[in-house]
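The structure appears right after this line, and notes come after that.
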Amino acid sequence: MVLYFALSYIEEYQIAQKSKAPPSLTSPSRSTTTSDAPWLNPPSGKLKLNTDAAVDKSNQRTSCGAVLRNSNGDIVAAFSKSIPGVFRPEIMEALALVNALKWLIDNQWTAHILETDSFLVVKDLHASIATVSDFHCLLSDITHLVSNFPRVQISHVYRSANTAAHLLAKYALSVDSVCFWLEEIPPPLNAYCINMDD
C-alpha cells in the first residue's frame, strides 16, 4: 500500500509539472480523452483483471502491469514485468494483456472481467478481422489465451479506472524483476520477486 500511494503521489506531481517539462515515463495509450470514471467493483463472487503498459524510451524498455481484484475491491494478486524494446502503443498494450493472461494461467487463477485502457485493443478483439500483422498476431494470441476463461468479458476503461495497473507498469520500469502479491497467504510469504536474470 505504501508503494501504491507513493507511486500515485509521484504521478500527481508529474501531471502538475507537465506544463514545465514532459515526464520521461509515459503511457502508450492512444486515447487523449480524459475522464474521471472510477474503477468499479466486479459483481459478487467475480474477479476483475486490469492491465496496462508503460514505456521508458530513453532506456528502450516497455513494461506491463496487472491487478486482480475481487468484488470488495481487495487486491488478490498483482504483477509487473519489464521487457526490452519500445513498440507501437497498441503493441505494448496487447503485450501487457498477453503477459497478464499467461500469468493467470501459469498460477491457475481465473478472471471474469478483463479491462484495459487501450480502445484499439478491445475494438479489434471484438471485430472479425483477418489481417496479418504483428498487432493482429498478438490479438490472436490473446483470443487463444482468453479461451481458458469461459464467458470472460473484455472491456475498455478510461485511465482513471485503470490507475493501479498503470502504476504497476511504471514501477516495473524501475526494477529488473517480476513481482506478485497474494492476499490469501500471510506475510512475508505472500510477496514474491523473481529476478529477470535468473
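The values are calculated or read from the model by the stated rules, or taken from the named source; none is laboratory data. As the structure is a prediction and not an experimental result, all values here were calculated from the model. For accessibility, only protein heavy atoms count, side chains too; no ligands or nucleic acids. Shrake-Rupley method; radii C 1.70, N 1.55, O 1.52, S 1.80 Å.
For the range 34-183, what % of the accessible area comes from carbon and sulfur atoms, probe 1.4 Å?
So the carbon and sulfur contribution to the accessible surface is 52 percent.
Taking a 1.4 Å probe, which of TRP103, TRP109 shows the most accessible area, and what order do the others take after it? Before the final figure, lay out the partial values.
Values: TRP103 15, TRP109 65 Å².
Ranking TRP103, TRP109 by accessible area, largest first, yields TRP109, TRP103.
Please state, to two decimals, what the Cα-based radius of gyration of the range 65-181 comes to when divided by 2.2 N^0.38 Å (N = residues).
Values: Rg = 13.7 Å, N = 117, 2.2 N^0.38 = 13.4 Å.
Rg over 2.2 N^0.38 Å, computed on Cα atoms: 1.02.
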